[in-house]
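Here, each number is a calculation from the coordinates, and none is a lab measurement. What you are looking at is a predicted structure, and each value in this text was computed from that prediction instead of being measured. Cβ coordinates were reconstructed from backbone atoms using ideal geometry, including for glycine residues, and neighbour counts include every protein chain displayed.
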Amino acid sequence: MSVPVPRRAVLRGAVLLGAAAGVTALGQFTGDRSARAIATRVDQPTIANCATWGARPPSSAVTLLQNRPNKIIIHHTAFPNSTDYSLAHAYQNSRDIQDLHMDTNGWLDSGQHFTNSRGGHLTEGRHGSLYGLLHGQSMVQGAHCVGQNSQAIGIENEGIYLDVQPPQALWDSLVLFCAFTCQQYAIPATEIYGHKDFNSTQCPGLLHDRLPELRSAVAARLS
């Protein structure tokens, strides 16, 4: 179904996540769900929601899906490889992506669910994605990979990696975020793919070659 997701429907500010924040975000659930949230094996990373980085509202209602995603798809933005690793730059990067996706691609919002900057800063992409992740039971439909937008969480990694490797900060953040996402949605670490696995594209460049390494690192975090 299509439902509007107002700014206040997601958590305000940078979501400073830890045991206490996890309990707050998941507090409406009881029994086994609450117990699982409290006993998480992977610490929740800091993620800035759409309001924090200054997102525009969607041009129309996002589609809320009452199902969990079954995979993660890794992307690179193909933007220039900035040497500005600051949080402010990460926020600007998210605004640039949203502008491109809405104004050039004609999409209703950012196409990806989350964005990982070269400095390792995580931001929410499409509105409602963070709420779905924290609760672990639903997702919003994305626009990042044809044929997979209702099944896969899309993560954009800032930069272009056709012939260079990403900074260590980006890689470390990607491992942690994938592990947390796998944990929240019960996605096996083996179900992490690259954009080119499903569409004709070079994306995500050399990150695709490192998918076996990424899956192994995520599995280790989950064990």
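With a ≥ b ≥ c taken as the square roots of the eigenvalues of the C-alpha gyration tensor of the stretch 117-223, please select rounded if a/c is under 1.5 and otherwise prolate if a/b is larger than b/c or oblate if it is not? Rounded, since a/c falls under 1.5.
Take each peptide in 134-143, 205-214, count the other Cβ atoms within 10 Å of every residue, and average; sorted highest first, the result is 134-143, 205-214.
Highest-first packing order for the peptide set 71-83, 113-125 is 113-125, 71-83, based on the mean count of other beta carbon atoms within 10 Å.
Evaluated at q = 0.10, 0.22, 0.23 Å⁻¹, the base-10 log of the normalised Debye intensity for the stretch 66-160, with identical point scatterers placed on the Cα atoms, takes the values -0.24, -1.10, -1.18. If you plug the beta carbon distance of Leu100 and Thr201 into 1/(1 + (r/R0)^6) with R0 = 22 Å, you get a FRET efficiency near 0.90. Relative to the Cα centre, the charge distribution of the stretch 153-213, modelled as +1 at Lys and Arg Cβ and -1 at Asp and Glu Cβ, gives a dipole magnitude of about 80 debye. Compute the signed sum of charges (Lys and Arg +1, Asp and Glu -1) over the other residues within less than 11 Å, Cβ to Cβ, of Phe114. Combined, the nearby Lys, Arg, Asp and Glu give -1. Within the shell defined by Cβ-Cβ distances under 14 Å, the residues around Tyr85 carry a net charge of -2, with Lys and Arg each +1 and Asp and Glu each -1.
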